[in-house]
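Data block below; observations after.
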Amino acid sequence: MIDNRNLLNIVARELQKMQDKATIKLLTYKKDRSIIIEKDGAGFSIIEDGYRKVVWSDLNEHEVIKSLKKLQKIEFPRSNKLYLEKKQVE
């Protein structure tokens, strides 16, 4: 569990460490809404699964953080704590 206030800082650190085909999944406490960040090659993809179901692809780290800031307000407006799940493909 992470604090919603620290979400952007934590994800920015994790994006730099991510290997190819790795994912970060952010979920609400009830686990009914999620944002998935996947690294594919040189870029990243964001999958929004909550109020809306949208996929953005071929993003760089800066674009991921910028998009995540907007998505945080849409998907997690009243959440104080979020689940963070990381998966590394070996």
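Readers should treat all values here as calculations from the given coordinates under stated rules, not as data from a laboratory. For clarity, every value in this text was computed on a predicted model and none was experimentally measured. When we count neighbours, we look across all protein chains shown, and the Cβ atoms used for this are built from the backbone with ideal geometry, even at glycine.
Here are some notes:
- Sites count as exposed loop sites when they are chymotrypsin sites (Phe, Trp or Tyr not before Pro), lie in a DSSP loop, and have at most 16 other Cβ atoms within 10 angstrom; the longest stretch of the chain without one is 52-90.
- Computed Rg/Rh of the chain, alpha carbon atoms with Kirkwood Rh: 0.92
- Alpha carbon Rg of region 5-58, scaled by the compact-globule rule 2.2 N^0.38 Å: 1.14
- The mean sequence distance of close C-alpha pairs (under 8 Å, at least 6 residues apart), as a share of the length of the chain, puts its relative contact order at 38 percent.
- Of the trypsin sites (Lys or Arg not before Pro) found in region 1-67, those in coil by DSSP whose Cβ has at most 15 other Cβ atoms within 10 Å are 21, 30, 31, 52.
- Diffusion constant of region 41-85 at 20 °C, which comes from Stokes-Einstein with the Kirkwood Cα-pair radius and 1.002 mPa s, µm²/s: 187
- Helix 61-75 and the long axis of the chain differ in direction by around 20°, with both axes built from C-alpha atoms.
- Degrees separating the helix 7-17 axis from the principal Cα axis of the chain, which is the longest one: 20
- Between the beta carbons of residue 86 and residue 54, assuming R0 = 25 Å, the FRET efficiency works out to 0.70 to the nearest 0.05.
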